[in-house]
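Visitor: Quick one: structure below, then a few questions.
The values are calculated or read from the model by the stated rules, or taken from the named source; none is laboratory data. This is a predicted model, so every value here is computed, not measured. Please note: Cβ atoms are built from the backbone with ideal geometry, for glycine as well, and neighbour counts cover all protein chains shown. We work out accessible area using only protein heavy atoms, side chains counted, and drop any ligands, DNA or RNA first. Shrake-Rupley method; radii C 1.70, N 1.55, O 1.52, S 1.80 Å.
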There are 2 protein chains.
Amino acid sequence: MTEAEARERAAAMLTAAGIALTEREREEIEVADFGLGDLEHTGLQLVVYVNTERVCAKELVLFPGQTCPEHRHPPVAGEPGKEETFRCRTGSVLLWVEGHGEIELRPGDQFTIPPDTLHWFSAGDEGTVVSEFSTRSRDESDVFTDPRIVR
Amino acid sequence: MTEAEARERAAAMLTAAGIALTEREREEIEVADFGLGDLEHTGLQLVVYVNTERVCAKELVLFPGQTCPEHRHPPVAGEPGKEETFRCRTGSVLLWVEGHGEIELRPGDQFTIPPDTLHWFSAGDEGTVVSEFSTRSRDESDVFTDPRIVR
């Protein structure tokens, strides 16, 4: 799967979820392979709606078989690290959170991940669209467990 | 229109927008008439997904003819006041923002309202579903221009 194919497939899943995007947002869907070059298994597609100093909101799209690998959001610049709420919109997602174990989210289910807490997530059989509501996103500060990963 | 009728109508609009809610969320849709007792003209329906110390996310539903009256979110407890991003999901909404004038949002359009800035918004002919991504919501601190309003 190429990056362009992933972008097109993610756009189709967002449309199927009833989520309207501008033409520019569709073209700029972010495809993250975390530097591993194995998008089928380790990958994530994102639409970032807003990311100010205080608030961030995104749609996350994962295809069946895709996992976003284990990571945490450490304190940055005197702030306690990114706090994330995941809300499942379509399909299902298996979320693992340090201290909580595995949590399956289906449409309408949500979970808030505290700052600086290890977590990873994998799409269920139909893939998933997940809304993320959080504090400021600073991808470059994320700490991944797998040392090969570059975000 | 009673509060129960408004809740049912809002739930139907959210379903039509493809937004999955839990049974509890449907039952607990907040109906705000701002103390004016004229829900047809001055009113707002809300589903609050999350409201932590740092982040808040909601769906707002307005029926055709409904307006959320002019208000601002002042600084509270040493913080600069609530920052809100409105993203239109269905229908259309006319948003007025101090210093920006009128902005029409259609599905996929969004606007970020700075802290402590006067604004109001009215649904278009089909009504609207709007996602709100913001810092912590403290409704009791909101300052409305109309002195009769109680939130």
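Visitor: Tally time: how many residues in the range B:9-33 are assigned to a helix (DSSP H, G or I) and either in contact (Cβ under 8 Å) with a residue 60 or more places away in the chain or surrounded by 13 or more Cβ atoms within 10 Å (Cβ to Cβ) (or both)?
Guide: Step one: of the range B:9-33, the residues assigned to a helix (DSSP H, G or I) are B:9-16, B:23-27.
Retained after the next criterion (residues that are either in contact (Cβ under 8 Å) with a residue 60 or more places away in the chain or surrounded by 13 or more Cβ atoms within 10 Å (Cβ to Cβ) (or both)): B:9-11, B:13-14, B:16, B:25-26.
Adding up the residues that qualify gives 8.
Visitor: Right, something else. Can you find even one residue in the range B:65-79 that is at pLDDT below 95 and closer than 21 Å to residue B:4 by Cβ?
Guide: Yes: the range B:65-79 contains one or more residues that are at pLDDT below 95 and closer than 21 Å to residue B:4 by Cβ.
Visitor: I'd like the full set of residues that are within 15 Å of residue A:33 (Cβ to Cβ) and crowded, with 22+ Cβ neighbours inside 10 Å, limited to the range A:69-83.
Guide: none
Visitor: List the strands (runs of 3 or more DSSP E) inside the range B:69-151, counting only whole elements, that have at least 1 residues being of a type in the set (Lys, Arg). Walk me through how you get there before you give the answer.
Guide: Numbers: elements: B:84-97, B:101-105, B:110-113, B:119-134.
Here the list reads B:84-97.
Visitor: When you look at residue B:53, is it open to solvent by 30 Å² or more (accessible area, probe 1.4 Å) and either touching a strand residue (DSSP E or B) at 6+ places or on another chain (Cβ under 6 Å) or not in a strand (DSSP E or B) (or both), yes or no? Lay out the reasoning, then the answer.
Guide: On the way: open to solvent by 30 Å² or more (accessible area, probe 1.4 Å): yes; either touching a strand residue (DSSP E or B) at 6+ places or on another chain (Cβ under 6 Å) or not in a strand (DSSP E or B) (or both): yes.
The answer is yes for residue B:53.
Visitor: A follow-up question, please. Tally the residues that are on the phi > 0 side of the Ramachandran plot, surrounded by fewer than 18 Cβ atoms within 10 Å (Cβ to Cβ) and touching a Gly at 6+ places or on another chain (Cβ under 7 Å), restricting the search to the range A:100-151. Outline the logic, then answer.
Guide: To start, the set of residues in the range A:100-151 that are on the phi > 0 side of the Ramachandran plot comprises A:101, A:108, A:116, A:127.
Restricting the remaining residues to those that are surrounded by fewer than 18 Cβ atoms within 10 Å (Cβ to Cβ) gives A:101, A:108, A:116.
Now drop any that are not touching a Gly at 6+ places or on another chain (Cβ under 7 Å), which leaves A:116.
Going through the range A:100-151 one residue at a time, the tally reaches 1.
Visitor: In addition: Picking from B:94, B:36, B:46, which residue would you name as being away from every other protein chain (no Cβ under 14 Å) and open to solvent by less than 10 Å² (accessible area, probe 1.4 Å)? Before you say what the answer is, go through the steps one by one.
Guide: Values: B:94 fails: open to solvent by less than 10 Å² (accessible area, probe 1.4 Å); B:36 fails: open to solvent by less than 10 Å² (accessible area, probe 1.4 Å).
After applying the criteria, what remains is B:46.
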